[in-house]
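Below is one structure, written out as structure tokens; comments come after it.
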Amino acid sequence: MSRAHLVLFDDAKARAWAPFSLTRPIGELVFGTMTLRERSERSLGISCRGHVTSDALEGFEEPGAAPVLGSAPRAAETDRLYLSSRLVPEPGGIPDLAEPMTLVSDDAVVGWFVPAGHEPPGPEAYLNPDGGWASRRERIEGRILEAPWTLVRDNAEQIARDGALLWADTGTPPGVHRIGDGLLSMAEDTVVEPGVTVDLRDGPVRLEAGASVEGPARLVGPLWIGPRCRVFGGQVGASSIGPVCKIRGEVSDTVLLGFTNKAHDGYLGHALLGRWVNLGAMTTNSDLKNNYGSVSIWTPDGPRDTGVMKLGCFLGDHVKTGIGTVLNTGTVVGAGSNLFGGAMPPTRVPAFSWGTGAELATYRLDKFLEDAERAMQRRDVPLSPGMRRLFERAWNASAPDREAS
């Protein structure tokens with residue numbers, strides 16, 4: 001197994017995980033304290049060679065992420081383990097891999113082990129992995145994520161599970177108020193000012209390298225705050241805050257992939273946000289219907305009843321909102337959209353939309369790229385040529401949706 005490489009693939013369900021699948025492989029979404037790719041790498045003890053997904057994602061590039069290999073892998077000189085990006089494998093739950101085999105979890109095909117020199121399954125197998133590439137079948141321990149809202153619903157529990165495996169208690173900084181017997185873990189160069197309250201009664205709190213929290217603020221576990229994040233005040237709880245985010249106000253049961261700016265007051269709850277999202281002051285989302293019923297949201301396959309009572313917004317990469325923006329329960333905003341003016345937008349906003357409320361036009365591609373590059377430069381991250389071409393393809397692919405709305 002030491003020579004094997006992991007390759008994650010997005011099946012047809014994963015490729016419909018709007019609004020995120022338009023601009024990123026699903027393995028680069030955060031669940032708990034790490035991306036799905038990092039979780040598979042850690043659980044299985046092997047590195048990820050890349051993602052098999054739509055050719056439209058060719059050129060995907062983020063610091064530390066795995067590249068997109070395309071939709072049709074070829075025979076390789078090393079052993080390869082192909083696994084669904086929607087699978088969350090249990091640590092050590094992999095069988096002995098010595099010959100070609102089909103891997104199953106919960107009676108569903110979730111991948112294949114392809115020894116060096118063997119031809120891997122064809123492109124259709126990755127879209128619908130319900131057949132056997134090899135006659136030998138072995139079980140891999142884990143769970144399959146059914147939909148993007150599963151990441152929100154089960155995220156706090158996953159943080160708590162991660163904390164029990166990964167962290168040690170580092171004690172309480174001077175002047176910090178600690179409630180409960182849970183675990184508080186901080187990297188060596190984090191800063192938590194006096195006057196901060198850490199509530200550990202429902203789960204652990206972890207701050208990664210370079211994170212800082214200004215007082216007064218309240219941190220409520222289970223909570224993971226990623227590298228170089230800054231919390232300026234308010235209450236943040238039961239959430240995963242990806243790297244280099246700025247947070248103020250109330251954030252609850254939310255997953256931020258990283259590089260998100262929510263530096264002002266406003267409520268964000270039971271939400272999932274892509275990278276490079278900027279929320280204007282007082283941007284707020286609803287996460288509960290007035291009748292307490294389950295939330296239905298738009299998907300590429302039509303409206304879907306999620307079976308979840310509390311569900312906020314899903315914002316794709318590079319979404320921006322102006323001051324006072326209000327988002328309804330279950331709102332889905334496509335990548336690259338810019339919403340402003342204070343009027344509530346529709347619950348489904350096509351990618352690269354621009355406007356106020358339901359009065360939406362197209363965000364010009366040249367202006368979007370210019371604005372995205374400027375925003376990324378502020379964090380010393382370049383907009384690579386590959387990502388520029390990826391956004392161009394995404395803009396063109398989403399044009400029919402904008403014209404129809």
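I'm trying to understand the selection: among the residues of segment 227-246, which are on the phi < 0 side of the Ramachandran plot, part of a loop (DSSP other than H, G, I, E, B) and in contact with a helix residue (DSSP H, G or I) (Cβ under 9 Å, 6 or more places away or on another chain)?
Result: Ser239, single match.
What is the residue count in segment 102-112 for residues that are surrounded by 20 or more Cβ atoms within 10 Å (Cβ to Cβ) and within 10 Å of Ile140 (Cβ to Cβ)?
4
Counting just the residues of segment 247-276 that are closer than 17 Å to Pro204 by Cα and assigned to a loop (DSSP other than H, G, I, E, B), which one comes out least open to solvent (accessible area, probe 1.4 Å)?
Among residues in segment 247-276 that are closer than 17 Å to Pro204 by Cα and assigned to a loop (DSSP other than H, G, I, E, B), the one least open to solvent (accessible area, probe 1.4 Å) is Thr254.
State whether the residues of segment 369-391 include one that is out of contact with any helix residue (DSSP H, G or I) (no Cβ under 8 Å at 6 or more places or on another chain), basic (Lys, Arg) and closer than 28 Å to Thr150 by Cβ.
no
Matching residues to (1) assigned to a loop (DSSP other than H, G, I, E, B); (2) open to solvent by less than 40 Å² (accessible area, probe 1.4 Å):
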{"site": "Gly307", "(1), (2)": "yes, no"}
{"site": "Asp317", "(1), (2)": "yes, yes"}
{"site": "Asp371", "(1), (2)": "no, yes"}
{"site": "Gly386", "(1), (2)": "no, yes"}
{"site": "Leu390", "(1), (2)": "no, yes"}
{"site": "Arg402", "(1), (2)": "no, yes"}
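Which residue out of Glu146, Glu138, Glu157 is modelled with pLDDT of 95 or more, on the phi < 0 side of the Ramachandran plot, open to solvent by 30 Å² or more (accessible area, probe 1.4 Å) and not in a helix (DSSP H, G or I)?
Only one candidate qualifies: Glu146.
Could you tell me whether Ala75 is touching a residue at least 12 places away in the same chain (Cβ under 8 Å), in a loop (DSSP other than H, G, I, E, B) and within 28 Å of the chain's Cα centre (by Cα)?
no
Residue by residue through segment 330-356, note down the ones that are in a loop (DSSP other than H, G, I, E, B), among the hydroxyl-bearing types (Ser, Thr, Tyr) and open to solvent by less than 20 Å² (accessible area, probe 1.4 Å).
Matches in segment 330-356: Thr331, Ser337.
List, please: which pairs have Cβ atoms under 7 Å, are six or more places apart or on different chains, and start with a residue in segment 177-206 that is open to solvent by 70 Å² or more (accessible area, probe 1.4 Å) and end with one that is acidic (Asp, Glu) and modelled with pLDDT of 95 or more?
Glu193/Glu214
Filtering segment 182-235 down to residues that are over 24 Å from Gly266 (Cα atoms) and acidic (Asp, Glu), which residue is modelled with the lowest pLDDT?
The qualifying residue modelled with the lowest pLDDT is Glu188.
Only residues that are under 22 Å from Asn128 (Cα atoms), open to solvent by 20 Å² or more (accessible area, probe 1.4 Å) and either among the hydrophobic types (A, V, I, L, M, F, W, C) or touching a Ser or Thr at 6+ places or on another chain (Cβ under 8 Å) (or both): list them for segment 50-67, please.
Within segment 50-67, Ser54, Asp55, Ala56 meet the criteria.
The values are calculated or read from the model by the stated rules, or taken from the named source; none is laboratory data. As the structure is a computational prediction, the values presented were derived from the model and not from experiment. Positions of Cβ are backbone-derived with ideal geometry, glycine not excepted, and every protein chain shown enters the neighbour counts. Just so you know, the surface numbers come from the protein's heavy atoms only, side chains and all, with ligands and any DNA or RNA stripped out. Shrake-Rupley method; radii C 1.70, N 1.55, O 1.52, S 1.80 Å.
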